[in-house]
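All of the numbers you see were taken from the coordinates with simple rules; none came from a lab. Worth saying up front: this structure is predicted, and the values here are computed from it rather than measured. So basically every Cβ, Gly included, is an ideal-geometry build from the backbone, and we count neighbours across all protein chains shown.
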Amino acid sequence: MPRVLSYTPSWLSRPSPGFDLFAQSPAKNKTKARVPNGNGSSSEASGPRRTIARRGTEVFVAVGNEIRWSDLVLLKEKGASDGDLRRSRSSRRRGSGSDAYGNDAHDDDYAEGAYRVLKVPVYGPITQLIISPREDYIAIVTSHTVHIAVLPDSSHLSALDSGPLKLKAFHLGPTTHVLEQAPIASVLWHPLGYQGRCLVTITKDAVVRLWEINREDRWSFDNPALAIDLKKLANATSAEEDVQASTYGAGKGFSPDSVELEVASACFGGSGQLTTEYGWVPMTLWLAMTEGDVYALCPLLPNKWEWETHAEFSPYMHSLSLAIGAKLAMVSSDEGASDADTEIAEQQLQWISGIQDQNVLTTRGELGQDIVEVFTRPSKPGAVPKLQGPFQFDPEIEDDFEISDIRVIGLTSQDSDYDHENWEPGLPGAVVCLLTNNGKVHICLELDGIEGQWLPTGRNTAAFQDDGLLQSLTVLETIVLTSEPSDAVHASFTADMLSQELLFVTYSSGVHSLSLSPWLARLKEELANPSDEGALFRLSSLLSSTPTLVERPLRINPEYDTPAPIPAAIVLQDSDLGYLLLTSTGSSPVAALLEPPLWTLDPSTRLPDHPYEPDAPRDLQISEPRSAYQPPAVFYRDSALPKFIEQHVPAHRRPALKDEIKLSPATLDLLSQAHRILAAETHALGLAAADLFRRCERLVSEFGEQIARVAEVADRIERVTGEDEEEGDEEGDGAVGLANERIERRIERVRKVEGTVDEGWWEGVECEGDELGGEVESVAREVLAPEGEERSGVDREREGEAVLPWQRVEEVRRLVKDLVAQAKEAANEPGDTAAVPAVRVPSDFRKAKVAQVRELLDRETALVEAATEKLDRLSIAM
């Protein structure tokens, strides 16, 4: 698990320019946008909020219906350079005409250049920002609408002109995604979309639309290339049925599936960028329903899709061919195979044959090394896949819950660096993580693997329906993150950019990190080398002994502001910024600087299966990191009393407010209303002042604890170095100082021996020469074998004598010779291999044990050779 090094840095705190990037701007947003639904009432979008997106070190932040852009590296540099200027200006405020809040005319200079406003024709608060795979488009999502904007290059955005920039944007589905239609649940960029321009939108009423956008073709933004109504697809029994989504204005009848098939969130099974992924993974769309059901669509592909390969080797196509060929061989050899399995195998063979018969268009990738293969979706079996599910939970989850978000982690194999000979396909399975609205995470395992399935043809419909097989999700673990259900209303997952085994969960009270590395790597090894004997015991032992590591790197306590859902956190890794976890509240950014894995600093030490070692040695930490004090917004908020007087007191009565108070019913009513406003403001100020006082007291106590820790560490250092010899004699610890003196005297003697080139050096160190010579002879007796010695180390050990290092080496060499001779004899002797059942040993286990033995032999040999060489040098010198 990554350790927290520090919390929100100074360049993201008030009054640095980085703070203004996330702060609200009441002057520009005086009226809150209200999004009406079909009945004319306002409705707020539910589900995960992803209003912070990144492109490298650039961040795009949605504040209301405004999009802001900035580069965090530039903000960090600007915050550091403005620190001295800010301190110099603060000294001049005392003599200037500052207002009651300490603000002056120079404060506006800090916000200038902090961010750049990107103007798009969006009405209503933005709920999601999703950047395309090639980072040239951005999807801007509200509760009901989707806009696609073209992103300029970073050099154009960071130009000297910091004024608002109007982006070229297109309304996606002007008659589909509108206020009169169903709200939007998820918007995803297809990982295999041609040139990264394929978008998938999923609405709450369970309609999946696939858009293949093209700037040169406005029609591609008006109508989807594929629209599937999941309610029709779930009840369909034949491929000839119409499962297309209803057009705009068509009447909708009642269906019981309208409640059970209300989509909460969706995600793809893979990124399409790892060559070790299972072939079906990047084209599998996972859907989580609000009521708790999970479904899958595979394969969901656009008309034109692409894969990145290397040289002439296509890992994805090879993986699909192996999977389809294995299924076809299994069905053909099984006499009891059902008609449904036969139908699926024939459909997969027909589908892969349609792909292999194409004239594949190949282009060079962005780096010029990878080859991009462009395919066309086969016409048969069809463009619409079968809806697989609902998956049954095993064991069944007893408590009632609603799903907020879903994240799927594929079981990838070891990275083979595009090596055709050593390449291994990914495993057919997935880890499905479900985030619920009651603050829990259910970690499930799908072992069978999602494969491409289509609706049957008319002749096989009856047999296909009668032989349906329920798919299941094995519930491995349930993690309780919070006991307050209100905190998880807009909870969301965030995948780590360094490892697929780490997830971040964002909700109103903070961010949790979930590390699957303690058991996921061992699970992959178990599935890659299956063995029926003891499999259940090994699996249960694995899951019970190594649970998921859970930590809370960010805590958010909305004590003064009204608790509000916070956007999903983002993760950045840069040499200038570090490993940064970033999100924001309604008024300020919240961040944590994490400790990056070791392999990010040194690529040669990369550990792909265990990126975060829990037992790895860490630096000494005197004080625990804590978040810096953020002044609450009440200290910077203007009083509402002047605005109240302006709106509720007539102009002819305002001069009377400065005169003596005249008792009257109107005056009493005015004082009562003003008292309500001032009471709320003074109460908030009192809470903020009390919190600041408590923080100061806690700071003093923490400072005392840090002083005690430093004193303890200093005392340990003195004991190790022997600087406490005088005090140690009084306390009975004088042996430490004496030992240190002997060590220093010995080191000095060795330096004299090695650094002296004069032939008469021995005369100056006669006293030490006898001692040094005796030490050399003692070491020689232990390392070098004397002549005529024949007894082995085993014989000496049996007789109770000590075994010397050279005897251990000779014993190892003798055992190696005997084992090699026995192996040759066993290989030459003919034997009845059928009589004795062969025990299948996993290749990885065998290779690991052989490598371990070789490493031990090499280590013993190196130690003996080093000691021998050192003795030779000392003998020559003497």
Could you sort 371-377, 296-302 so that the peptide with the highest average Cβ count within 10 Å comes first and the rest follow in order? 296-302, 371-377
Under the 0.36 nm per residue contour assumption, what length would be gained going from the current alpha-carbon distance of Ala827 and Gln273 to full extension? 194.9 nm
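Based on the mean of other Cβ atoms within 10 Å per residue, sort peptides 633-639, 3-9, 330-336 so the most packed one is first.
Details: 633-639: 14.6, 3-9: 18.0, 330-336: 9.7.
For the peptides 633-639, 3-9, 330-336, the packing ranking is 3-9, 633-639, 330-336.
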Place a point 7 Å from the Cα of Thr247 in the direction of its beta carbon; the residues of the range 181-213 whose amide N falls under 20 Å from it are 181-182, 207-212
In nm, what is the difference between 0.36 nm times the number of residues separating Asn235 and Ser483 and their Cα-Cα distance? 85.5 nm
Protection proxy ranking of 431-444, 847-860 - average other beta-carbon atoms within 10 Å, highest first: 431-444, 847-860
Placing each pseudo-label 7 Å from Cα in the direction of the beta carbon, Ala848 and Gln350 end up separated by a distance in nanometres of 4.5 nm
Sites Arg813 and Gln392 - FRET efficiency at Förster radius 41 Å, r taken between beta-carbons, to 0.05: 0.10
Between Phe537 and Asn303, the two model label points (7 Å from Cα along the beta-carbon direction) sit apart by a distance in nm of 5.9 nm
Contour excess over end-to-end distance, with Cα ends at Ala80 and Glu869 and 0.36 nm allotted per residue: 278.5 nm
FRET efficiency (Leu527, Lys119; Cβ distance; R0 41 Å; to 0.05) is 0.20
Work out the FRET efficiency for Asp399 and Met497 from their Cβ-Cβ distance, taking R0 = 30 Å, and round it to the nearest 0.05. 0.35
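By counting other Cβ atoms within 10 Å of each Cβ, how are Trp189, Trp280 ranked from fewest to most? Walk me through the intermediate numbers first.
Working: Trp189 18, Trp280 25.
Sorted ascending by nearby Cβ count, the order is Trp189, Trp280.
By its C-alpha gyration tensor, with a ≥ b ≥ c as the square roots of the eigenvalues, how is the range 191-251 shaped: rounded for a/c under 1.5, else prolate for a/b larger than b/c, else oblate? Walk me through the numbers on the way to the answer.
Numbers: a/c = 2.25, a/b = 1.72, b/c = 1.31.
Prolate.
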What distance in nm separates the two pseudo spin-label positions at Asn223 and Ser155, each 7 Å out from Cα along the beta-carbon direction? 4.1 nm
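Give me the orientation-averaged projected area of the Cα convex hull of the range 639-720, in nm², one decimal.
On the way: hull surface 33.1 nm².
Its average projected convex-hull area is 8.3 nm².
Let me know the number of lysine pairs in the range 149-303 closer than 22 Å at the Cα, not counting same-chain pairs under 8 apart. Could the numbers behind the result be given before it?
Details: Lys204/Lys231; Lys204/Lys232; Lys204/Lys252; Lys231/Lys252; Lys232/Lys252.
Total qualifying Lys-Lys pairs in the range 149-303 comes to 5.
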